[in-house]
Amino acid sequence: MAEERGGDRCHVCPVWMAYTFDNPFRRLFHRPERMFREYVKPGATVLDFGCGLGFFSIAMARRVGDQGLVIAADLQQEMLDRLARRAKRAGVGDRIRVHRTDADGIGLSAEIDFGLACWVVHETPDIPGLFREFASLLKPGGHLYVMEPKTHVSEDGFEEMMSAARDAGLRDVASPKDALSKTVVFRRPIDRDYSTAATGETRSSRSRRGG
Ligand SMILES: C[S@@+](CC[C@H](N)C(=O)[O-])C[C@H]1O[C@@H](n2cnc3c(N)ncnc32)[C@H](O)[C@@H]1O
């Protein structure tokens, strides 16, 4: 998914590579309407983080309907421009808001019912920070669906990422089968205060130190 850039430690999937997996053959493996049926409801607000060319954003825009919203977020403006053109052609352009992130985080102010991070977490520089940000954006009871490519992420690497999500206060609820991906679905518990999640501080840690 990723290509080394100029010898530094950033690995980001280039636009040309996204066409190798965002094409009609992908539906042999990924059927978004089935995968997210349980989690994405009409009227929902959804975040597709690392959306690329929009394989999932466009499918989720159909699912949320005209009362819903998909925020398609990516580091690369060119991905977002191409996604916006595709969404318009698919007739769902008005339900998708594109958002350009910077490398340090999502940088959004929103309340989301569902988040998707498909084949992107291993490309991000601050994985614990990313999950803390996700936890603070999710509504109580909201879900985060994380998929990482089996070809690029080892069992140990994936387990380390999932531990970071749990440390951010998210709870595992499912591990859907996927031929191409290691996958976990998390839920934000309804009784936890994430207002200071970006600092890693929780209500219990505040009360332990008397805050
Ligand atoms: C392998 S592609 C996956 C695209 C899409 N999720 C899919 O499944 O078709 C990874 C995407 O994540 C984006 N990305 C990488 N690092 C990112 C970051 N820190 N913030 C936002 N997007 C990022 C890349 O620009 C690329 O579009």
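Could you work out the longest stretch of the chain that avoids the GluC sites (Glu not before Pro) located in DSSP loops with at most 14 other Cβ atoms within 10 Å?
Working: sites that count: Glu38, Glu111.
In the chain, the maximal stretch lacking such sites is 112-211.
Treating only the Cβ atoms of Lys and Arg (+1) and Asp and Glu (-1) as charged, compute the dipole magnitude of the range 33-208 about its Cα centre; round to the nearest 20 debye.
Details: 26 positive and 26 negative charges, 153 e Å.
So the magnitude is around 740 debye.
Within 10 Å, at most 12 other Cβ atoms, and a DSSP state outside H, G, I, E, B define an exposed site. Report the longest part of the chain free of exposed trypsin sites (Lys or Arg not before Pro). It would help to have the intermediate numbers written out before the result.
Numbers: sites that count: Arg5, Arg9, Arg37, Lys177, Arg209.
That would be 38-176.
Subtract the Cα-Cα distance of Lys150 and Asp126 from 0.36 nm times their separation in residues, and report this length gain in nm to one decimal. Intermediate results must be reported in sequence, preceding the final value.
Numbers: separation 24, 0.36 × 24 = 8.64 nm, distance 2.03 nm.
Result for the pair: 6.6 nm of gain on full extension.
Can you check what the Kirkwood hydrodynamic radius comes to for the chain, Cα pairs only, in Å to one decimal? Don't jump to the answer; show the numbers that get you there.
On the way: mean 1/r = 0.0574 Å⁻¹.
By the Kirkwood definition, the hydrodynamic radius is 17.4 Å.
What fraction of the DSSP beta bridges in the chain is antiparallel, stated in percent and rounded to the nearest 5?
Details: 13 of 33 bridges.
Antiparallel bridges make up about 40 percent of those DSSP assigns within the chain.
Once both labels are modelled 7 Å past Cα along the beta-carbon direction, what's the His11-Phe29 spacing in nm?
A separation of 1.6 nm, rounded to one decimal place.
Given a cut-off of under 8 Å on Cα pairs at least six residues apart, what relative contact order in percent is computed for the chain?
Details: 381 pairs, mean separation 34.4, N = 211.
Relative contact order, the chain: 16 percent.
Bear in mind that the values in this text are calculations on the coordinates, not laboratory data. Since this is a predicted model, take the numbers as computed values, not measurements. Here the Cβ is made from the backbone with ideal geometry for all residues, glycine too, and neighbour counts use every protein chain on show.
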